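Q: Here you go, one structure.
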Amino acid sequence: MTVAAAEHLRRLPKVELHCHIEGASRASTIADLARRNGVEFPVDDPADLYKFTSLNQFLDIYDVICASLQSADDFHRITYECLEDAVSAGVRYREMFFSPGFVIRLGVPVSTVWEGVSAAVVDARADLDVGCRMILDFDKPSGPGHALEMAEFAAAQDRDLLIGMGADSVERGIDHRAFAEAYAAAGRAGLKRTMHAGEDGPAENIAIGVREFGCDRIDHGFRLLDDPALTDEIIDRQIPLTVCPTSNVMIANVVPDVASHPIARQRELGVLATVNSDDPGMMRFDVADEYVAVAEAFDYTLEEMEAIALDGIEASWAPDDEKAALRRRFESEFADLRSEYGLPARA
């Protein structure tokens, strides 16, 4: 078995399935947009913006980001830039969240958000070595009416650009079953469905997502192993989890370090658990850093990390022919990297 060197892991081709454009924004860009849009910026040095120790502090900073995003050009800029940053982390394909609920309540229409985001995805596909599709995340605390409105908006968009609907923000104090109508509408429209669940809430929220809402994936899923029967179901049905270990340390504070995260046990049991960054701009920690952190925490070999990269393809919502092309490309890049680093070929 081959040791997974950090530099090698950074260059490994990757799929990322859990990344928010707002949380991937560059602090320098938010500072510039805040000045341009007349928003009070809370720190003198943009490098100090992304300092937090709790989920509530994280959400306060998120509010500053969203207040600074007011035009389609603003959303184009942050979307395009975060795909540029993805390429530098080895990402070849990304399914990425945007959360209009945070700016809708500030007076920015969802149509304005989507105009900028969708144009940036198209431009990035043409300019950069990365494929991308978007997932519209509704804000749970905004309630079921907002969720249904977002499902109806998503249903009307180009499915090759807007592929799915999800639900983000906090879990505590939220009646998740209240979103049944929104998820049913998304399903009827042919949208893929996912939900942030089991992060700072119980495994029951994961069960609601997969059993009642027809979710094709679950985001985070930290508490899955608390329910053995549900775990068996997730394994049998191969419903993927988009896991973000460092985020669970830094934002949710549910584990003290990555080595304490259940992803290793999840994968050992057969859960299709993928590795993702969540909010790489805000955490200053991208998906390549995440690969390195996971490999070091669990003493994973290069073979195991290559398997995680391939699992990202399997867990994606890309069409079958696109998945096959990605697998061929990944296998070729794996071989080239091994040759460059003087390592034996994959078995």
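Yes or no, residue by residue, for (1) surrounded by fewer than 23 Cβ atoms within 10 Å (Cβ to Cβ); (2) in a helix (DSSP H, G or I); (3) among the acidic types (Asp, Glu):
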position: 281; (1), (2), (3): no, yes, no
position: 290; (1), (2), (3): no, yes, yes
position: 314; (1), (2), (3): yes, yes, yes
position: 336; (1), (2), (3): yes, yes, yes
position: 339; (1), (2), (3): yes, yes, no
position: 347; (1), (2), (3): yes, no, no
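Q: Which of the residues that make up segment 67-109 are charged (D, E, K, R) and modelled with pLDDT of 95 or more?
A: Within segment 67-109, 73, 74, 77, 81, 84, 85, 92, 94, 95 meet the criteria.
Q: A further question on this structure: Among (1) modelled with pLDDT under 95; (2) more than 21 Å from the chain's Cα centre (by Cα), where does residue 55 come up short?
A: (2)
Q: In addition: Could you please find all residues in segment 114-147 being part of a helix (DSSP H, G or I), crowded, with 19+ Cβ neighbours inside 10 Å and out of contact with any Ser or Thr (no Cβ under 9 Å at 6 or more places or on another chain)?
A: Hits for segment 114-147 are 114, 146, 147.
Q: Any residue at all in segment 3-16 that is touching a residue at least 60 places away in the same chain (Cβ under 8 Å) and under 12 Å from residue 282 (Cα atoms)?
A: Within segment 3-16, not a single residue is touching a residue at least 60 places away in the same chain (Cβ under 8 Å) and under 12 Å from residue 282 (Cα atoms).
Q: Only residues that are small (Gly, Ala, Ser), assigned to a loop (DSSP other than H, G, I, E, B) and farther than 23 Å from residue 59 by Cβ: list them for segment 235-277, please.
A: Correct list: 270 only.
Q: Since residue 21 meets every condition but one in (1) more than 14 Å from residue 281 (Cβ to Cβ); (2) touching a Cys at 6+ places or on another chain (Cβ under 9 Å); (3) of a type in the set (Val, Ile, Thr), which condition does it not meet?
A: Unmet condition: (1).
Q: Answer yes or no: is there a residue in segment 325-332 that is buried (at least 17 other Cβ atoms within 10 Å of the Cβ) and over 30 Å from residue 49 (Cα atoms). Give the steps one after another, and end with the answer.
A: Let us first name the residues in segment 325-332 that are buried (at least 17 other Cβ atoms within 10 Å of the Cβ), namely 326, 330.
Now drop any that are not over 30 Å from residue 49 (Cα atoms), which leaves 326, 330.
Checked against the condition, which is being buried (at least 17 other Cβ atoms within 10 Å of the Cβ) and over 30 Å from residue 49 (Cα atoms), segment 325-332 yields at least one hit.
Q: Test residue 270 against the criterion of being surrounded by fewer than 20 Cβ atoms within 10 Å (Cβ to Cβ) and within 18 Å of residue 164 (Cα to Cα), and give yes or no.
A: No, not satisfied.
Q: Let me ask another. Given (1) buried (at least 21 other Cβ atoms within 10 Å of the Cβ); (2) out of contact with any Ser or Thr (no Cβ under 7 Å at 6 or more places or on another chain), where does residue 168 come up short, assuming only one miss?
A: So residue 168 meets the others, but not (2).
Q: Which of the residues spanning segment 34-52 are touching a residue at least 12 places away in the same chain (Cβ under 8 Å) and not in a helix (DSSP H, G or I)?
A: Narrowing segment 34-52 to residues touching a residue at least 12 places away in the same chain (Cβ under 8 Å): 34, 37, 39, 41-42, 46-47, 49-50, 52.
Listed by number, the residues that qualify are 37, 39, 41, 42, 49, 50, 52.
Q: Another question, then. Restricting attention to segment 185-234, and to residues there that are assigned to a loop (DSSP other than H, G, I, E, B), under 15 Å from the mean Cα position of the chain (by Cα) and not small (Gly, Ala, Ser), which single residue is nearest to residue 311 (Cα to Cα)?
A: 217
Q: To continue, here is another question. Restricting the search to segment 54-65, which residues are in contact (Cβ under 8 Å) with a residue 12 or more places away in the chain and out of contact with any Lys or Arg (no Cβ under 9 Å at 6 or more places or on another chain)?
A: Residues satisfying the conditions are 54, 55, 58, 59, 62, 63, 64, 65.
Q: Separate question: For segment 70-88, which positions are over 20 Å from residue 103 (Cβ atoms) and of a type in the set (A, V, I, L, M, F, W, C)? Explain how you work it out, then say what you get.
A: Filtering segment 70-88 for residues over 20 Å from residue 103 (Cβ atoms) gives 84-88.
Scanning segment 70-88 gives 86, 87.
Q: What are the residue pairs meeting all of these: first residue in segment 311-327, first residue free of Cβ contacts under 8 Å to residues at least 60 places away in the same chain, second residue assigned to a helix (DSSP H, G or I), Cβ atoms under 8 Å, and 6 or more apart or on different chains?
A: These pairs meet every condition: 323/313; 323/314; 327/310; 327/313.
The values are calculated or read from the model by the stated rules, or taken from the named source; none is laboratory data. This is a predicted model, so every value here is computed, not measured. Backbone-built Cβ (ideal geometry, glycine too); neighbour counts: all protein chains shown.
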